[in-house]
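Asker: Handing you a structure now.
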Amino acid sequence: MSTKRCGECGSKNLDLKSQIGKPYPWKDYPAVFLSKDYKVLECAQCGNTVESGADVANLSKLLQETVIEQTQTFIEMILTREGCKQADLAAHLGVSPEHLSEVKSGRKQPSFQTYNFLKTLAFENRSFRVSDPQYNVLKKAI
Ligand SMILES: [Zn+2]
């Protein structure tokens, strides 16, 4: 029997529930949709979650793993589709090849800006060409 209470409504009716797929702010990311199974006590009365310090530390680790996995997927998608080298992709992103290599291996987390750029490049085929540093926007627009 749990002695914990909901911090919002005081109810003792708490269930352990998975938070997979839920958006969480993390570092400079406004929302990371958790792809890992994270279970916390949820109030059956008001839906408020009751998280311990250990839960919060675990969540941070899981959000980091989610971002790394998604980033690796985006990079693989782009490299496979474009048939380009990692150094080419780094030039499109405006980051050093070393940085991209560390991001791909999971040693470094990308900034939200880089993550978002990778996501766009992964899902929008034309954006790869437009983000080429050699692409002359004004010339192509006319
Ligand atoms: Zn409650």
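Asker: Yes or no: region 79-86 includes at least one residue that is in contact (Cβ under 8 Å) with a residue 40 or more places away in the chain, surrounded by 15 or more Cβ atoms within 10 Å (Cβ to Cβ), assigned to a helix (DSSP H, G or I) and touching a Cys at 6+ places or on another chain (Cβ under 9 Å).
Answerer: Among the residues of region 79-86, not one is in contact (Cβ under 8 Å) with a residue 40 or more places away in the chain, surrounded by 15 or more Cβ atoms within 10 Å (Cβ to Cβ), assigned to a helix (DSSP H, G or I) and touching a Cys at 6+ places or on another chain (Cβ under 9 Å), which makes the answer no.
Asker: Anything in region 29-55 that is in contact (Cβ under 8 Å) with a residue 60 or more places away in the chain and farther than 20 Å from residue 112 by Cβ? List them, or say none. If you could, list the steps in order and put the result at the bottom.
Answerer: At the first step, the residues of region 29-55 found to be in contact (Cβ under 8 Å) with a residue 60 or more places away in the chain are 29-30.
Across region 29-55, there are no qualifying residues.
Asker: Within 16 Å of the ligand (Cβ to nearest atom), over 20 Å from residue 116 (Cβ atoms) and not β-branched (Val, Ile, Thr) - does that describe any residue in region 71-93? Walk me through it before giving the result.
Answerer: The first filter runs over region 71-93 and keeps only residues within 16 Å of the ligand (Cβ to nearest atom), leaving none.
The answer is no, given that none of the residues of region 71-93 is within 16 Å of the ligand (Cβ to nearest atom), over 20 Å from residue 116 (Cβ atoms) and not β-branched (Val, Ile, Thr).
Asker: Across region 1-27, which residue is nearest to the ligand (Cβ to nearest atom) among those that are within 18 Å of residue 58 (Cα to Cα) and touching a residue at least 24 places away in the same chain (Cβ under 8 Å)?
Answerer: Restricting attention to region 1-27, the residues satisfying the condition of being within 18 Å of residue 58 (Cα to Cα) are 16-27.
Pick out the ones that are also touching a residue at least 24 places away in the same chain (Cβ under 8 Å) and you get 16-17, 19, 24, 26-27.
Details: 16: 15, 17: 13, 19: 16, 24: 19, 26: 24, 27: 28 Å.
Applying the filter and picking the extreme gives 17.
Asker: Among the residues of region 13-21, are any exposed (fewer than 12 other Cβ atoms within 10 Å of the Cβ), under 30 Å from residue 71 (Cβ atoms), more than 19 Å from the chain's Cα centre (by Cα) and among the hydrophobic types (A, V, I, L, M, F, W, C)? Steps first, answer last, please.
Answerer: First, the residues of region 13-21 that are exposed (fewer than 12 other Cβ atoms within 10 Å of the Cβ): 15-16, 21.
Filter once more, so that each one left must be under 30 Å from residue 71 (Cβ atoms): 16, 21.
Going one step further and asking which of them are more than 19 Å from the chain's Cα centre (by Cα), we end up with 16.
Those still in the list that are among the hydrophobic types (A, V, I, L, M, F, W, C) too: 16.
For region 13-21, residues exposed (fewer than 12 other Cβ atoms within 10 Å of the Cβ), under 30 Å from residue 71 (Cβ atoms), more than 19 Å from the chain's Cα centre (by Cα) and among the hydrophobic types (A, V, I, L, M, F, W, C): present.
Asker: Take the conditions away from the ligand (no atom under 16 Å from the Cβ) and over 26 Å from residue 127 (Cα atoms) and apply them to residue 38. Does it pass?
Answerer: yes
Asker: Tell me yes or no: at least one residue of region 111-118 is more than 17 Å from the chain's Cα centre (by Cα) and of a type in the set (Ser, Thr, Tyr). Give the steps one after another, and end with the answer.
Answerer: Kept after step one, since they are more than 17 Å from the chain's Cα centre (by Cα), are these residues of region 111-118: none.
Looking through region 111-118, none of the residues is more than 17 Å from the chain's Cα centre (by Cα) and of a type in the set (Ser, Thr, Tyr).
Rule-based calculations on the coordinates, nothing more; no lab input. Values in this document were obtained by computation on a predicted structure and should not be read as measured data. Don't worry about glycine lacking a Cβ; one is built from the backbone with ideal geometry, like all the others, and counts go over all protein chains shown.
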